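Chemist: One structure, as C-alpha cells, below. Some questions next.
Just so you know, all these numbers are worked out from the coordinates, no wet-lab data involved. Computed from a prediction, not measured in an experiment: that's the story for all the values here. A quick note on method: Cβ atoms are made from the backbone with ideal geometry, for glycine too, and the neighbour counts reach across all protein chains shown.
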Amino acid sequence: MTTYRAPIRDMKFVIDELAGLESLATLPGYEEVNSELTGTVLEEAAKIAGEVLAPLNKLGDERGASLTKQGVVAAEGFGAAYRQFVDNGWNGLGGDPEYGGQGLPGLVAAATVEMWNSSNMSFALCPLLTAGAMEAIKAHASDELKNRYLPKLVSGEWSGTMNLTEPQAGSDLSAVRTKAVPEGDHYRISGQKIFITWGDHDMTENLVHLVLARLPDAPEGTRGISLFLVPKFLVGADGSVAGQNDVTCASIEHKLGIHASPTCVMSFGEKEGAIGYLVGRENEGLAHMFTMMNEARQKVGIQGLGIAEAAYQAARDYAKERVQGRPIGQRSGDRVTIIHHPDVRRMLLTMKSQIEAMRAFGYVLAADIDLAHKHPDAAERQRHQARVDLLTPVLKGWCTELGIEIASMGVQVFGGMGYIEETGAAQYLRDARIATIYEGTTGIQAGDLVGRKLPTDNGGAMAALIEEMRAVEGQLGGADNVDFPAIRESLAAGIQALEQATQWMLQTIGQDPDAAFGASVNYMMLTGYVCGGWQMARAALAAKARLTAGADEDFCRAKIATARFYAEQILPKATALLTAVKSGASTALALEEEQF
Ligand SMILES: Cc1cc2nc3c(=O)[nH]c(=O)nc-3n(C[C@H](O)[C@H](O)[C@H](O)COP(=O)(O)OP(=O)(O)OC[C@H]3O[C@@H](n4cnc5c(N)ncnc54)[C@H](O)[C@@H]3O)c2cc1C
C-alpha cells in the first residue's frame with residue numbers, strides 16, 4: 001500500500017524562490033498573500049490529499065464508478081471525500097471573490113492541483129473540469145448566466161464538464177455535428193458526445209455541461225461552432241434546481257486507468273431537445289472553448305507532474321526497504337537495500353530531477369498566468385501572456401510525456417512487484433497514460449506550438465525566453481567552481497540547441513510544413529528539456545544563496561546535486577533532439593502508405 005506525502009518543502013522553495021510569490025503579492029487583489037499564508041494553505045491541502053484522497057485511490061481503481069438507472073454513481077467513498085473537499089473551500093481556492101471564491105493566486109492553486117493529482121488523479125479531474133468551466137463562463141457568458149451558475153460552480157455544489165468530442169470529431173473539432181436550434185431565449189441541443197469526463201455522477205446536486213454544437217445555418221468547419229451551457233437539471237431564476245433537462249449518460253467506458261473518473265457517452269435531446277444557453281457569440285464557440293481548454297491544458301500538464309511525484313515517492317520508499325544483492329564487488333557480508341545499487345540511484349534521480357524541473361517550470365508558468373491577468377501595466381500583461389501562450393503546449397505535452405516515462409520507471413524500480421497490482425506502481429502508469437491523449441494529444445500540442453504559437457510574432461516570445469535563459473547562464477559563471485561549471489556548460493549547450501532548432505523551425509514552417517510538423521514533437525520536447533534545465537539552474541543558484549546565508553543545508557545541497565544530475569544526464573537530450581529536428585520529416589515520410 002503506497003502513501004503520499006506532499007513535497008511541501010520543494011513546493012514552497014519553488015513558489016518563494018523561483019516563481020516570485022513576493023512580487024505576485026504586490027498585484028491588485030493579492031495584497032494578503034505572503035509566504036506564511038501560502039505555507040498554511042499547503043499544509044492544510046497536504047492533509048486532505050494525504051489523509052482523505054490518497055487512501056481512496058486504490059479503492060477507486062478497483063471498484064470504479066458505475067452506471068445505474070438513476071445515473072452514474074461515483075466510486076465508494078468519493079462522495080464523502082468530495083463533500084469534505086468543497087466544505088473546506090478547496091474548490092474555490094483560485095475562484096473569483098465576486099462569485100464566492102477565495103481569489104488566491106493561480107500559483108498557489110497550482111501546488112494544490114499537483115497534490116490532488118498525486119493523491120488521486122481520478123478525483124482531481126472533477127474539480128479540474130469545474131475550474132475550466134468557470135473560466136469559460138466568466139470570460140464569455142452573459143451576466144445573467146454568470147450570476148446564475150458561477151457561485152455554485154465556485155463553491156463546488158455543482159460541477160462542470162467539457163463536451164467536445166464526438167465519434168467523428170476528436171482532434172479535429174471542425175467535424176462536430178451536435179445541433180442547436182434557437183427557441184426563444186434558449187436553444188434546443190441534440191446529439192451525442194463521447195468520452196466526457198465526470199459527465200454524470202451523484203457527488204453534486206447539479207452538473208453544468210459546456211457543449212460545442214452547430215446552429216442550423218452555421219457555416220462548415222470551425223467557424224460554424226457555438227458554445228452552449230446545458231445544465232443537467234434546469235435552474236430557476238432564484239438559482240433553485242428544477243426539473244431534469246433532456247440530457248443523460250448513455251454508458252460509461254471501460255478503460256486502462258482512472259477507473260474512478262467516469263468517462264461518459266452523453267446523449268443530448270433524445271426527447272424534446274436539451275435546453276441550452278448560448279455562451280458568448282454564435283459561431284465563435286471554438287475560440288470561447290479555448291479559454292476552458294487552455295486552463296485545462298495547463299492543469300493536465302501539472303497532472304503529469306503530480307502522477308510522476310506519486311510514482312517517485314512509491315519507488316523511493318520501496319527502494320529503501322527491498323533487500324536484494326550486495327554492494328558491487330562484494331561477494332559476502334550483509335545484503336543491502338536496492339537503493340544502494342548505482343543503477344537504482346540513477347533511476348531515482350532521473351525521476352526526482354525531472355519532477356523538480358517540471359514543478360519549477362509549471363509553477364513559474366502559473367505565476368506568469370497570474371501576472372498576465374493582474375499586472376497593472378498593460379505591456380507587462382501582454383509580455384507575460386505571450387510567454388503563457390508559447391509555453392502552454394510545452395507544459396501540457398512535455399510534462400505529460402514525462403509523467404508516463406517516470407511512472408514507467410517507477411514500475412522498474414519495483415521490479416516484478418511493480419508489475420503486480422497490489423503495490424500501486426502499475427496504477428500510476430495506467431493512470432498517467434491518458435494525460436498525453438486528452439486535452440489535445442501530444443501531436444496536437446506540438447502542432448499548436450510550431451504552427452501557431454511560435455510563428456505568431458515570428459519567434460519574438462521564444463527569442464525573449466532564450467534571452468532570459470542566457471542571463472541565467474551568465475549568473476552561473478560566478479557561483480562556484482564545484483557544481484556550477486557543469487551546470488553552466490550543459491545549459492549553454494541546451495540553449496544553443498533551442499536557438500538553432502527555433503531558427504530551423506521558423507524557416508521551415510513556411511517552406512516545408514510537412515517537415516516542420518514532422519519535427520514538431522521533437523522540437524516541443526527539446527523546448528521542455530531546456531526550460532527544465534533553465535529552471536533547475538535557477539534553483540541551484542537560489543539554493544547556493546540560501547546555503548551562503550546558512551539556511552536549509554540539507555535541502556540546498558540536495559537541490560544543487562539534483563540540478564547537476566539534470567544538467568549532466570537529462571539536458572543533453574536537447575542536443576540529440578536538435579539533430580532529429582533538423583532531419584525534419586524526410587525519413588518519417590520516406591515510406592509509401594503500402595510499405596507500413
Ligand atoms: C479517458 C478519456 C477522457 C476524456 N475526457 C474528455 C472530456 O471530458 N471531454 C471531451 O470533449 N473529450 C474528452 N476525451 C476525448 C479526448 O480529448 C480525445 O480522445 C482526444 O482529443 C483525441 O481524439 P481521438 O480520440 O478522436 O483521436 P484522433 O483525433 O483520432 O487521433 C488519433 C491519433 O492521430 C493523431 N492525430 C490526429 N489528428 C492529428 C493532426 N492534425 N496532427 C497530428 N496528429 C494527429 C493523434 O495525435 C493521435 O495520435 C477524453 C478521452 C478519454 C480517453
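Chemist: Can you say whether Ala471 is part of a helix (DSSP H, G or I), hydrophobic (A, V, I, L, M, F, W, C) and surrounded by 14 or more Cβ atoms within 10 Å (Cβ to Cβ), as far as the supplied structure shows?
Modeler: no
Chemist: Looking at Arg381, is it surrounded by fewer than 23 Cβ atoms within 10 Å (Cβ to Cβ) and within 25 Å of Leu93 (Cβ to Cβ)?
Modeler: So Arg381 fits the description; yes.
Chemist: Hey, another quick one. Can you pull out every residue in the stretch 230-245 that is outside any loop (DSSP other than H, G, I, E, B) and crowded, with 24+ Cβ neighbours inside 10 Å?
Modeler: Within the stretch 230-245, just Val230 meets the criteria.
Chemist: Yes or no: His288 surrounded by fewer than 20 Cβ atoms within 10 Å (Cβ to Cβ) and either farther than 21 Å from Thr442 by Cβ or out of contact with any helix residue (DSSP H, G or I) (no Cβ under 7 Å at 6 or more places or on another chain) (or both)?
Modeler: It is false that His288 is surrounded by fewer than 20 Cβ atoms within 10 Å (Cβ to Cβ) and either farther than 21 Å from Thr442 by Cβ or out of contact with any helix residue (DSSP H, G or I) (no Cβ under 7 Å at 6 or more places or on another chain) (or both).
Chemist: Could you tell me how many of the residues in the stretch 419-462 are away from the ligand (no atom under 16 Å from the Cβ), without any contact (Cβ under 8 Å) to a residue 12 or more places away in the chain and either of a type in the set (A, V, I, L, M) or more than 25 Å from Tyr312 (Cα to Cα) (or both)?
Modeler: Looking only at that region, the number is 1.
Chemist: Return the pair list, or none, for Cβ contacts closer than 6 Å from residues in the stretch 356-370 that are of a type in the set (Val, Ile, Thr) to residues that are part of a helix (DSSP H, G or I), at least 6 apart or on different chains.
Modeler: Close Cβ pairs (under 6 Å, with a partner that is part of a helix (DSSP H, G or I)) amount to Val364/Leu18; Ile369/Gly106; Ile369/Val388.
Chemist: Could you check how many residues of the stretch 483-538 are outside any helix (DSSP H, G or I) and under 21 Å from Thr442 (Cβ atoms)?
Modeler: Within the stretch 483-538, residues that are outside any helix (DSSP H, G or I) and under 21 Å from Thr442 (Cβ atoms) number 1.
Chemist: May I pose another question? Which condition number in (1) loosely packed, with under 14 Cβ neighbours inside 10 Å; (2) within 16 Å of the ligand (Cβ to nearest atom) is the one that Asp480 fails?
Modeler: Unmet condition: (2).
Chemist: Are any residues in the stretch 217-263 in contact with a helix residue (DSSP H, G or I) (Cβ under 7 Å, 6 or more places away or on another chain) and not hydroxyl-bearing (Ser, Thr, Tyr), and if so, which ones?
Modeler: Ala218, Gly221, Ile225, Leu227, Leu229, Val235, Gly239, Leu256, Gly257, Ile258, His259, Ala260
Chemist: Give, as residue ranges, the strands (runs of 3 or more DSSP E) completely inside the stretch 110-225 that count at least 2 residues that are touching a residue at least 40 places away in the same chain (Cβ under 8 Å) and crowded, with 24+ Cβ neighbours inside 10 Å.
Modeler: 158-163, 186-197, 206-213
Chemist: Anything in the stretch 543-579 that is surrounded by fewer than 17 Cβ atoms within 10 Å (Cβ to Cβ) and of a type in the set (A, V, I, L, M, F, W, C)? List them, or say none.
Modeler: Ala545, Ala549, Ala551, Phe555, Ala558, Ala561, Ala576
Chemist: With out of contact with any helix residue (DSSP H, G or I) (no Cβ under 7 Å at 6 or more places or on another chain) and either buried (at least 22 other Cβ atoms within 10 Å of the Cβ) or not polar (S, T, N, Q) (or both) as the only criterion, which of Glu401, Glu422 stands out?
Modeler: Residue meeting the stated conditions: Glu422.
Chemist: (1) within 13 Å of the ligand (Cβ to nearest atom); (2) among the small types (Gly, Ala, Ser); (3) closer than 18 Å to Gly280 by Cα: which one isn't true of Ala180, the others all being true?
Modeler: Single failed check for Ala180: (1).
A quick yes/no check of all residues on (1) in contact with a Gly (Cβ under 6 Å, 6 or more places away or on another chain); (2) over 26 Å from Arg538 (Cα atoms):
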site	(1), (2)
Ile355	no, no
Ile369	yes, no
Ala372	no, no
Glu380	no, no
Leu391	no, no
Phe414	no, yes
Tyr419	no, yes
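Chemist: Just to be sure, is Ile307 touching a Ser or Thr at 6+ places or on another chain (Cβ under 8 Å), part of a helix (DSSP H, G or I) and of a type in the set (Val, Ile, Thr)?
Modeler: So Ile307 fits the description; yes.
Chemist: Tally the residues that are within 16 Å of the ligand (Cβ to nearest atom) and in contact with a Leu (Cβ under 9 Å, 6 or more places away or on another chain), restricting the search to the stretch 132-157.
Modeler: Number of matching residues: 4.
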